[in-house]
């Protein structure tokens with residue numbers, strides 16, 4: 001069983017300045033619920049109870065959100081407003097939260113490597129909170145789907161979706177052979193390929209299942225695109241020496257790191273999930 005989920009949450013969120021000057025992008029609300037809470041809900045549904053969060057400077061509100069606020073709770077105790085804390089209280093009772101600071105921003109691969117002390121020597125999930133995923137009908141959440149695949153194949157898995165060819169330069173892109181419906185064995189990965197050079201239009205989104213040997217590979221991975229340690233470079237090395245799968249997941253994903261995606265997600269949640 002995969003019990004731990006790592007949340008890299010140390011980035012500056014520059015696409016949402018000035019809002020993210022003093023507020024972590026992971027705490028930006030979708031209606032009345034912060035982005036990271038959607039990710040934690042998804043991890044809990046997939047059977048994970050250890051939430052490992054890689055933070056950075058100015059990210060104290062992430063820790064505060066998953067902790068008691070005695071003054072607030074005393075103030076609203078016994079009122080109708082107390083019910084609004086029901087979901088976050090349930091999360092706090094169901095999961096444990098550990099935190100570590102990433103002192104330098106050296107890329108997603110470095111952020112994941114920073115979380116090694118929290119994860120230990122076991123397979124784990126990774127969620128990028130600004131990729132918000134919601135279920136498609138009665139299907140399981142994306143992480144639950146990926147855990148089921150891991151239980152079958154026992155290797156690292158990345159979630160992918162088809163994107164327009166003109167947008168492939170924004171993503172890590174995979175090349176691979178389909179071995180079953182919506183499951184690909186990865187042969188190649190390119191981080192943010194130049195326009196017109198992508199090996200496919202299958203883009204990696206912010207959901208991963210990683211085996212613990214990824215940490216050893218990341219320690220030996222040289223800086224790549226943008227001078228950062230790229231998880232795609234480490235995964236490509238893992239694919240060459242073993243097996244990495246890409247899974248075209250069932251569900252809907254919103255890029256909440258962009259303004260249009262954030263607005264789309266907010267409208268979707270308000271229309272489909274929000275209760276007054």
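For region 223-276, give me each residue that is under 26 Å from residue 140 (Cα atoms) and assigned to a loop (DSSP other than H, G, I, E, B).
Answer for region 223-276, where residues must be under 26 Å from residue 140 (Cα atoms) and assigned to a loop (DSSP other than H, G, I, E, B): 243, 249, 250, 251, 256, 257, 258, 273, 274, 275, 276.
Touching a strand residue (DSSP E or B) at 6+ places or on another chain (Cβ under 6 Å), surrounded by 15 or more Cβ atoms within 10 Å (Cβ to Cβ), more than 20 Å from residue 273 (Cβ to Cβ) and at pLDDT below 95: does that describe residue 55?
Working: touching a strand residue (DSSP E or B) at 6+ places or on another chain (Cβ under 6 Å): yes; surrounded by 15 or more Cβ atoms within 10 Å (Cβ to Cβ): yes; more than 20 Å from residue 273 (Cβ to Cβ): yes; at pLDDT below 95: yes.
Against the criterion (touching a strand residue (DSSP E or B) at 6+ places or on another chain (Cβ under 6 Å), surrounded by 15 or more Cβ atoms within 10 Å (Cβ to Cβ), more than 20 Å from residue 273 (Cβ to Cβ) and at pLDDT below 95), residue 55 qualifies.
Scanning for something touching a residue at least 24 places away in the same chain (Cβ under 8 Å) and within 23 Å of residue 260 (Cα to Cα), does region 151-159 turn up at least one residue?
Yes, region 151-159 contains a residue that is touching a residue at least 24 places away in the same chain (Cβ under 8 Å) and within 23 Å of residue 260 (Cα to Cα).
For residue 91, which of the numbered conditions (1) modelled with pLDDT under 90; (2) under 23 Å from residue 135 (Cβ atoms) fails to hold?
For residue 91, the failing item is (1).
Taking region 190-223, which residues are surrounded by fewer than 17 Cβ atoms within 10 Å (Cβ to Cβ) and touching a residue at least 60 places away in the same chain (Cβ under 8 Å)?
Residues satisfying the conditions are 212, 219, 223.
Tally up the residues in region 1-36 that are under 11 Å from the mean Cα position of the chain (by Cα) and more than 22 Å from residue 156 (Cβ to Cβ), please.
Our first condition is that a residue be under 11 Å from the mean Cα position of the chain (by Cα); within region 1-36, this holds for 5-9, 26, 35-36.
Retained after the next criterion (residues that are more than 22 Å from residue 156 (Cβ to Cβ)): 26, 35-36.
Total satisfying the criteria: 3.
Test residue 252 against the criterion of being surrounded by fewer than 19 Cβ atoms within 10 Å (Cβ to Cβ) and either on the phi > 0 side of the Ramachandran plot or in contact with a strand residue (DSSP E or B) (Cβ under 6 Å, 6 or more places away or on another chain) (or both), and give yes or no.
Values: surrounded by fewer than 19 Cβ atoms within 10 Å (Cβ to Cβ): yes; either on the phi > 0 side of the Ramachandran plot or in contact with a strand residue (DSSP E or B) (Cβ under 6 Å, 6 or more places away or on another chain) (or both): yes.
Criteria met by residue 252.
Is it true that some residue in region 44-52 is on the phi > 0 side of the Ramachandran plot, within 21 Å of the chain's Cα centre (by Cα) and touching a residue at least 60 places away in the same chain (Cβ under 8 Å)?
Checked against the condition, which is being on the phi > 0 side of the Ramachandran plot, within 21 Å of the chain's Cα centre (by Cα) and touching a residue at least 60 places away in the same chain (Cβ under 8 Å), region 44-52 yields at least one hit.
What's the total number of residues in region 69-83 that are surrounded by 11 or more Cβ atoms within 10 Å (Cβ to Cβ) and either in contact (Cβ under 8 Å) with a residue 12 or more places away in the chain or more than 28 Å from the chain's Cα centre (by Cα) (or both)? Write out each step before concluding.
Filtering region 69-83 for residues surrounded by 11 or more Cβ atoms within 10 Å (Cβ to Cβ) gives 69, 72-73, 75-76, 81-82.
With the extra rule that they be either in contact (Cβ under 8 Å) with a residue 12 or more places away in the chain or more than 28 Å from the chain's Cα centre (by Cα) (or both), the set shrinks to 72-73, 75-76, 81-82.
Number satisfying all stated conditions: 6.
The values are calculated or read from the model by the stated rules, or taken from the named source; none is laboratory data. Small disclaimer: the values here were computed from a predicted structure and weren't measured. Methodologically, a virtual Cβ is constructed for each residue, glycine included, from the backbone with ideal geometry; neighbour enumeration extends over all protein chains shown.
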